[in-house]
Amino acid sequence: MTKSYSRRFAFAVSAIVLGAVSAAHAADGYFLIGYGPRAKALGGAGAADQRDAMALSTNPASIVGLERQFQLGLTGIVADRGYKTTGTPRVLAPGEVQSGRPWFPVPNSGYVQPIDANSAWSIVSYANGGINTAYDWGHYRAPFGGPLGGGFAGVDLHQGFMSVGYARRFATPLGAISIGFAPTIAVQMINVQGLKMLSPLSSNPWEMSDMAFDWSWGGGVHAGLLWSITDKFRFGFSGSTPMWMSRFDKYAGLFADAGRFDIPANMQAGLAYDVLPNLTVMMDWRHIFYSAVPALGNPTNPTLYRSLGTGSGPGFDWTDVDSGAIGVEWRYSPALTLRTGYHYSTNPLRWRSVTVNALSPIINRHHASVGANYVVTPNSSVDFAFVYAFKNSFTGIEWIPAQPGLPFGAPNPRATISPWVQGMEFTLGYNYKWDAGDHSLIPTHF
């Protein structure tokens, strides 16, 4: 690598550091519908059409052909979530229970560097997370209040990623095909509170609740393909291995396999068609393999004595998630681009496991989004995106874990639990593009 490229890499890393790990509002389970303002405004569509510095986060193959540029962005999330009970619950505090922590920020950043006309490298940072709940003592369950009788309760999960990728375009008889790959480093932290009353169910009751934040590190690989079928019609596909993570040692008595909490694999496919030279329509599908992670996919019931934290111990009982997105981008003028999108996601929760998932109501379905890009100068532009997640709820029967007289637990037919969630996201982004032939490390003019 030349000194010029080394300096640019150092600059890119410095920008990425600003994108620290942060929590995020869930869409497809706890995966965001998209990373960066353009992806959000398009409802998460874009595997076959990427145009900004966050391209690597969606499809590593799509960075070829982009200009040298960087982006810094920040999303503000306002989320309402909670649960409602009917009948006579025996595990959760009764009534309408709403979580605190209604808003939180999520940063993103990215940098793209062309190598030649047919290859490029890029670095991005982005975040997942969204299991971010806080239930106070006010909704009382004996003996110490809170939803489970252990006082203040909640789950606070943060996940962040940094990817460095390379892509190359090949001329083929079927059209230009780009292939890209991006090794990815992941970091996550979690804090679980208010589960002390469930300690008899744990294989390690000293490390299962109220242990403050614990950190976990790991990584995986993200790869993608972009096929220009015609000048107007494109197909994109990307996939990520699981992020194999170190254990949450402080919660070895809670999560299956002694605190193992890998980040699930996922894949995305999309089509893009230029209806007009300045009007593009995109359609995408994504699948996330939540059920392959024991802590997420293992059945919740029955929850037996000393079963939490064992290799085959209870999990959240999530199913895999499928989602679909459609996005439209209208490049109205050289200075103004308008975007809109719609995103639908299936529900990972099962009716039989709503009791434990009341602490993490990940049940978004319908999302609508709008956004715009405005060119301020030939080098600088700003992005805006707004996403609205419509209120959704899901109802199931309360399930009682093992206790005296019920060694295997049992369903409680006299009570139902309905987790619910709704929210909004506001995203702003700043983009800078270097002039052709400008090899300066730091922008010299804006």
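The values are calculated or read from the model by the stated rules, or taken from the named source; none is laboratory data. The structure displayed is predicted, hence computed values, not measured ones. Note: ideal-geometry Cβ built from the backbone for every residue, glycine included; neighbour counts use all protein chains shown. Ligands, DNA and RNA are stripped out before the accessible areas are found, and what is left, the full protein with its side chains, is counted by its heavy atoms. Shrake-Rupley method; radii C 1.70, N 1.55, O 1.52, S 1.80 Å.
Which residue is nearest to Ala127 (Cα to Cα), if the candidates are limited to the range 237-251 and must be open to solvent by 20 Å² or more (accessible area, probe 1.4 Å) and touching a helix residue (DSSP H, G or I) at 6+ places or on another chain (Cβ under 8 Å)?
Among residues in the range 237-251 that are open to solvent by 20 Å² or more (accessible area, probe 1.4 Å) and touching a helix residue (DSSP H, G or I) at 6+ places or on another chain (Cβ under 8 Å), the one nearest to Ala127 (Cα to Cα) is Pro242.
Could you identify the single residue in Gly175, Gly180, Gly218 that is touching a Gly at 6+ places or on another chain (Cβ under 6 Å) and small (Gly, Ala, Ser)?
Only one candidate passes the filter, namely Gly180.
For Pro302, indicate whether it is touching a Lys or Arg at 6+ places or on another chain (Cβ under 7 Å), in contact (Cβ under 8 Å) with a residue 40 or more places away in the chain and either part of a loop (DSSP other than H, G, I, E, B) or farther than 19 Å from Ala39 by Cβ (or both).
Details: touching a Lys or Arg at 6+ places or on another chain (Cβ under 7 Å): no; in contact (Cβ under 8 Å) with a residue 40 or more places away in the chain: yes; either part of a loop (DSSP other than H, G, I, E, B) or farther than 19 Å from Ala39 by Cβ (or both): yes.
Taking the combined requirement at face value, the residue does not satisfy it.
Please work out which residue is nearest to Tyr273 (Cα to Cα), limiting yourself to the range 348-369 and to residues that are surrounded by fewer than 16 Cβ atoms within 10 Å (Cβ to Cβ) and free of Cβ contacts under 8 Å to residues at least 60 places away in the same chain.
Step by step, filter the range 348-369, then rank; the result is His366.
Sort out which residues of the range 228-267 are assigned to a strand (DSSP E or B) and either free of Cβ contacts under 8 Å to residues at least 60 places away in the same chain or over 18 Å from Pro60 (Cα atoms) (or both), and write them in order of number.
Matches in the range 228-267: Ser228, Phe233, Gly239, Ser240, Trp244, Met245, Ile263, Met267.
Filter the range 374-395 for residues that are more than 10 Å from Leu428 (Cα to Cα), in a strand (DSSP E or B), in contact with a helix residue (DSSP H, G or I) (Cβ under 7 Å, 6 or more places away or on another chain) and open to solvent by 10 Å² or more (accessible area, probe 1.4 Å) and give the result.
none
Scan the range 95-132 residue by residue and report those that are assigned to a loop (DSSP other than H, G, I, E, B) and at pLDDT below 90.
If the condition is that a residue be assigned to a loop (DSSP other than H, G, I, E, B) and at pLDDT below 90, then Ser99, Gly100, Arg101, Pro102 are the ones that fit.
I need a count of the residues in the range 428-439 that are modelled with pLDDT of 90 or more and either open to solvent by less than 50 Å² (accessible area, probe 1.4 Å) or of a type in the set (Asp, Glu) (or both).
5
Please pick out the residue among Tyr166, Tyr135, Tyr140 that is within 21 Å of Thr88 (Cα to Cα) and surrounded by fewer than 20 Cβ atoms within 10 Å (Cβ to Cβ).
Tyr140
Among the residues of the range 401-427, what is the count of those that are β-branched (Val, Ile, Thr), over 18 Å from the mean Cα position of the chain (by Cα) and crowded, with 19+ Cβ neighbours inside 10 Å?
Residues meeting the conditions: 1.
Yes/no per residue for (1) at positive phi; (2) assigned to a loop (DSSP other than H, G, I, E, B); (3) aliphatic (A, V, I, L, M); (4) open to solvent by less than 60 Å² (accessible area, probe 1.4 Å):
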residue	(1), (2), (3), (4)
Gly311	no, yes, no, yes
Asp322	no, no, no, yes
Ile326	no, no, yes, no
Glu329	no, no, no, yes
Ser333	no, yes, no, yes
Gly341	no, no, no, yes
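Can you tell me which residue is nearest to Gly313 (Cα to Cα) among those in the range 192-218 that are assigned to a loop (DSSP other than H, G, I, E, B) and small (Gly, Ala, Ser)?
For the range 192-218, the residue satisfying everything is Ser203.
Only residues that are open to solvent by less than 60 Å² (accessible area, probe 1.4 Å) and in a loop (DSSP other than H, G, I, E, B): list them for the range 169-191, please.
Residues of the range 169-191 that are open to solvent by less than 60 Å² (accessible area, probe 1.4 Å), as a first pass: 172, 175-178, 180, 182, 184, 186-191.
If the condition is that a residue be open to solvent by less than 60 Å² (accessible area, probe 1.4 Å) and in a loop (DSSP other than H, G, I, E, B), then Thr172, Gly175, Ala176 are the ones that fit.
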